[in-house]
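The values are calculated or read from the model by the stated rules, or taken from the named source; none is laboratory data. Quantities reported herein were computed from a predicted structural model and do not represent experimental measurements. Backbone-built Cβ (ideal geometry, glycine too); neighbour counts: all protein chains shown.
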Amino acid sequence: MVAFLQSWRSLVRRRAFALTTILTLGSGIAVTTTMFSIVNGVLLRPLPFPDGGQLVSVYEASPVQRERTSLIAPVRVDDWNRLSRTFDVISASYSENVTDTSGPEPERLDGRRVMPRYFDVFRMTPLAGRTFVEDEERFGGATAAVISESLWTRRFGRSPSAIGSRLVVRGTGYTIVGVTPRAFTPAAIDVWIPAQIGPGLRQNRDARFLGGVGRMKPGVRIEDARRDLERVQALLGEQYPRTDKGWSADVRDLKDARVGSYRRPLLLVFAAVAVLFAIAVANVAGLVLVQLHRRTTEFAIRAAIGASRGQIVAAVMREVALIAAAGAIVGAGLSVWLTGLAMTAFSSIPRAAEVGVDWRALVFAVASSTVAALIFGLVPAAVAARAQIATLLSLAGRGSSGRHRLQGLVVVAQLALGVVLAGCAGLLVRSYGALARVDAGFDPSHVVTFHVGAAWDENRDRIAALQERLLDELQRLPGVNAAGFANFFPESGATLRSQIHVDGLSSSDPDGFLTAGERTVTPGYLKALAIPLVAGTWCPDLHAGSTSSNDVMVNRSFVDRFAEGQNLVGRGMRFNFDKTTRTIVGVLGDVREDAAADAAVPYVYACLPLGSWPDPEYVVRADGDPLALAGSIRQIVKSLDSSRPIFGLRRLGDVIDESLDQPRMNARVISSFAAAALMLAALGLYGLLMLVVGERRREIGVRMALGATPRDVMETIVTGAGRLVAVGVAVGLGLTLAAGHLLRALLFGVAPYDPGALAGSVAALALVALAAVVMPARHAARISAMDAMRG
């Protein structure tokens, strides 16, 4: 204890060094621990349910090219529960936003309708109350609702009196029976309501609209469960050949399904943070080496008065241990704040509610600090252990080329890692730029979008009348060019696929069906988004009371892929889910419907009657700023039906931009890390050069006395720095090329070895290196020969 107190006093006397190293190390540990907490909470930690490893997502598998889909028919959920051998329970749900009118103003709530035993799958204890009972889950049973913790907090102030209160949806009261914890769902869901599906729809084997979840029996593997459902589906194919033959099933880990596409970006960012931490540790090692040079006389005196090698090593390591401990405390404290800040900024990340600094993160912080201490402490300890008295005394008066070589290697490593991060950032930035510039086939400028609350089980004639009047009123507004709606926007990730048959077109499918995407649209929607008409005519304008529409449109990719360019206008077409023959009336230009990074694929645009899609995406194109219409739009909706909320009123361009949130986040985060890495590398180079100049002060003075000019001295310093930078760039470029291949799945329109990104990383490093070299070179050039000789 006394020895540690002496070491602490020694650090206090060198407070600038101590504070710099502790803050550098603490900052590195904080950022790394924060990222570990996110990765741990999202990717590593089990789902927050009892025996969460037994939870899976269940899917039906398409008979065409085995394309997977998350949609299941209600009757199939019943069949799978009855015939499977590996599941305790299978249930399902579907999304349905509802309008609650129990308060002074109608409020739109994000809701889900759930099948029987849905909450039995998860077995999570409610925060308050209970979940649904059998009478509430059957068709025609009692009405009930379970609300989320967030709705409980904002609406009821977390009061227990919320249990027993009622939500009013389309005039029907739903008694609140329970509250789910925040971690129950990764999505922003406010309320769960029993689906209570009627007998007709419950037995429709083609009605695939449910997302399935299941709990496997203890000891069952996912592969076993998948084979079991494939067996069940094969039996159903024999029993119901018209609807089930050729269909299969798939089972996937629920955690993987929830994390989705975030796994690779999170691991990428964590790797970038680890590189940044390595650079920070290298900087601390450089600072310790500088301190070693300044303390050579102290070590020599200690050795001269009898201190052994072990005692000198112990003295160095005690200081290192104190720095590491202080860095760990600072890092752990900062990480708590940074983790909360990160989750507020990136609340859309799956499982964000489960992220926090737990014992695993604290262990990680301690382990990081320990590893760092070993790295930046072993070198001084080894030097001190090898040192002899005479050597130490001589080091007090001149530099050590061996130590410079060692510190030079540290600087080269920093520079190389800086190049890697800068190169990766350049690739991601150029990739994001390519995505942002891609021609999506439509024009979102001057378009505003919104929703009007409506439900699927409402009277469709009433909804149709509302939609017709709403579109008429919108189109009468001054400055409005077009108004319409569709079921989903382009680039929204809604990759709906349908099986269709077109007269005169062949297919590899035995039944002659083709696979194409599907959208439900009005002609006003197509005109509002400026989607070009290539051939034929637009969908006809429909009116309330129209019972059907037999017209559809296809895109150019549909014609090119399936018809080899022949004219399809006037051809008959039908979907596999009904026998109605429809007519292709027009061909549209290609639109990137699935995602910005996905090329246009064959799509069918169905001109369905008004009311067929109760809660569509409304769009209005204006001459000027579309948000200037917000007040008028709200007033029109209120005048038509004051009980319906209007929500999500935004510029369409902002909505489309959200599809680029992930690549934009990747580019911004890696760029910020690259900037920090380059700054740390520059500081490391600056520290080394200042150390060299200080140690070679007498030598520089002699050269000046012999006739060397300040320019000669500056060239010497710059040349030495240039060699380090050249080696760092060479190593960094090699590592960047290797890392670029790992980034391939995240890149769009950019090769992993893109010359522009590589040149940018080299240029960025050259600029920071130049800034780091200027001051030491000028300092060396200003050394006076007389002052150096006297010193």
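Scanning region 650-674 for residues that are modelled with pLDDT of 80 or more and assigned to a helix (DSSP H, G or I) turns up Leu652, Gly653, Asp654, Val655, Ile656, Asp657. Restricting attention to region 91-120, the residues that are within 19 Å of Ala188 (Cα to Cα) and assigned to a helix (DSSP H, G or I) add up to 2.
Just wondering, is there one or more residues in region 538-546 that are of a type in the set (S, T, N, Q), at pLDDT below 90 and in contact with a Gly (Cβ under 8 Å, 6 or more places away or on another chain)? If you could, list the steps in order and put the result at the bottom.
As a first pass, look at region 538-546 and keep what is of a type in the set (S, T, N, Q): 546.
Going one step further and asking which of them are at pLDDT below 90, we end up with 546.
Applying the additional criterion that residues be in contact with a Gly (Cβ under 8 Å, 6 or more places away or on another chain) yields none.
No; the residues of region 538-546 include none that is of a type in the set (S, T, N, Q), at pLDDT below 90 and in contact with a Gly (Cβ under 8 Å, 6 or more places away or on another chain).
Residues that are in a loop (DSSP other than H, G, I, E, B) and small (Gly, Ala, Ser) were ranked within region 568-610; the one that is farthest from Phe748 (Cα to Cα) is Gly570. Screening Arg318 with (1) closer than 30 Å to Phe49 by Cβ; (2) modelled with pLDDT of 80 or more; (3) basic (Lys, Arg) gives one miss only, at (1).
In region 612-623, is there at least one residue being outside any strand (DSSP E or B) and either surrounded by fewer than 16 Cβ atoms within 10 Å (Cβ to Cβ) or not assigned by TED's automatic domain parsing to the domain that holds Val521 (or both)? Yes. The requirement of being more than 24 Å from Pro444 (Cβ to Cβ), among the acidic types (Asp, Glu) and without any contact (Cβ under 8 Å) to a residue 24 or more places away in the chain is satisfied by Asp578.
Looking across region 344-361 at every residue that is touching a residue at least 60 places away in the same chain (Cβ under 8 Å), surrounded by fewer than 20 Cβ atoms within 10 Å (Cβ to Cβ) and assigned to a helix (DSSP H, G or I), the one that is nearest to the chain's Cα centre (by Cα) is identified as Ala352. Scanning region 637-660 for residues that are over 31 Å from the mean Cα position of the chain (by Cα) and among the small types (Gly, Ala, Ser) turns up Ser639, Ser642, Ser643. Scanning region 701-715 for residues that are touching a residue at least 24 places away in the same chain (Cβ under 8 Å) and closer than 29 Å to Val410 by Cα turns up Gly701, Pro710, Arg711, Val713, Met714.
For region 194-216, filtered to residues that are under 19 Å from Arg117 (Cα atoms) and over 32 Å from the mean Cα position of the chain (by Cα), the residue that is surrounded by the fewest Cβ atoms within 10 Å (Cβ to Cβ) is Pro199. State which residue is farthest from Leu287 (Cα to Cα) when the search covers only region 350-378 and only residues that are of a type outside the set (Gly, Ala, Ser) and touching a Ser or Thr at 6+ places or on another chain (Cβ under 7 Å). Of everything passing the filter in region 350-378, Val355 is farthest from Leu287 (Cα to Cα). Could you say whether any residue in region 463-472 is in contact with a helix residue (DSSP H, G or I) (Cβ under 9 Å, 6 or more places away or on another chain), under 24 Å from Phe442 (Cβ atoms) and in contact (Cβ under 8 Å) with a residue 12 or more places away in the chain? Taking every residue of region 463-472 in turn, at least one turns out to be in contact with a helix residue (DSSP H, G or I) (Cβ under 9 Å, 6 or more places away or on another chain), under 24 Å from Phe442 (Cβ atoms) and in contact (Cβ under 8 Å) with a residue 12 or more places away in the chain.
The number of residues in region 477-491 being buried (at least 16 other Cβ atoms within 10 Å of the Cβ) and in a loop (DSSP other than H, G, I, E, B) comes to 5. Would you check if there is a residue in region 444-455 being more than 23 Å from Val587 (Cβ to Cβ), touching a helix residue (DSSP H, G or I) at 6+ places or on another chain (Cβ under 7 Å), among the hydroxyl-bearing types (Ser, Thr, Tyr) and modelled with pLDDT under 85? No; the residues of region 444-455 include none that is more than 23 Å from Val587 (Cβ to Cβ), touching a helix residue (DSSP H, G or I) at 6+ places or on another chain (Cβ under 7 Å), among the hydroxyl-bearing types (Ser, Thr, Tyr) and modelled with pLDDT under 85.
Just one of Arg634, Arg556, Arg561, Arg574 is within 30 Å of Ser261 (Cβ to Cβ), more than 33 Å from the chain's Cα centre (by Cα) and of a type in the set (D, E, K, R); which is it? Write out each step before concluding.
Details: Arg634 fails: within 30 Å of Ser261 (Cβ to Cβ); Arg556 fails: more than 33 Å from the chain's Cα centre (by Cα); Arg574 fails: within 30 Å of Ser261 (Cβ to Cβ).
After applying the criteria, what remains is Arg561.
Beta carbons closer than 6 Å, at least 6 apart along the sequence or on distinct chains, never pair a first residue in region 2-29 that is within 12 Å of Ile323 (Cβ to Cβ) and assigned by TED's automatic domain parsing to the domain that holds Ala285 with a second that is modelled with pLDDT under 80 and not in a helix (DSSP H, G or I). The criterion of being in the same structural domain as Ile633 (by TED's automatic domain parsing) and either touching a residue at least 40 places away in the same chain (Cβ under 8 Å) or out of contact with any strand residue (DSSP E or B) (no Cβ under 8 Å at 6 or more places or on another chain) (or both) does not hold for Arg430.
Is at least one residue of region 518-525 part of a loop (DSSP other than H, G, I, E, B), touching a Gly at 6+ places or on another chain (Cβ under 9 Å) and either modelled with pLDDT of 90 or more or more than 30 Å from Arg460 (Cβ to Cβ) (or both)?
Looking for residues that are part of a loop (DSSP other than H, G, I, E, B), touching a Gly at 6+ places or on another chain (Cβ under 9 Å) and either modelled with pLDDT of 90 or more or more than 30 Å from Arg460 (Cβ to Cβ) (or both), one finds at least one in region 518-525, hence yes.
Residue count for region 498-533 under the criterion of being buried (at least 18 other Cβ atoms within 10 Å of the Cβ) and basic (Lys, Arg): the result is 1. Can you name every residue in region 743-756 that is surrounded by 14 or more Cβ atoms within 10 Å (Cβ to Cβ) and in contact (Cβ under 8 Å) with a residue 24 or more places away in the chain? Listed by number, the residues that qualify are Leu743, Leu746, Leu747, Phe748, Gly749, Val750, Pro752, Asp754.
Scanning region 403-454 for residues that are touching a Gly at 6+ places or on another chain (Cβ under 9 Å) and surrounded by fewer than 17 Cβ atoms within 10 Å (Cβ to Cβ) gives Gly433, Ala434, Arg437, Val438, Ser445.
Could you check, for region 527-534, whether at least one of its residues is over 33 Å from the mean Cα position of the chain (by Cα) and free of Cβ contacts under 8 Å to residues at least 12 places away in the same chain? No, there is no match, as no residue in region 527-534 is over 33 Å from the mean Cα position of the chain (by Cα) and free of Cβ contacts under 8 Å to residues at least 12 places away in the same chain. The criterion of being in contact with a strand residue (DSSP E or B) (Cβ under 8 Å, 6 or more places away or on another chain), free of Cβ contacts under 8 Å to residues at least 40 places away in the same chain and surrounded by 15 or more Cβ atoms within 10 Å (Cβ to Cβ) does not hold for Ala225. For Ile38, the criteria (1) out of contact with any Leu (no Cβ under 6 Å at 6 or more places or on another chain); (2) assigned by TED's automatic domain parsing to the domain that holds Gln203; (3) of a type outside the set (Gly, Ala, Ser) hold in every case but one, which is (2).
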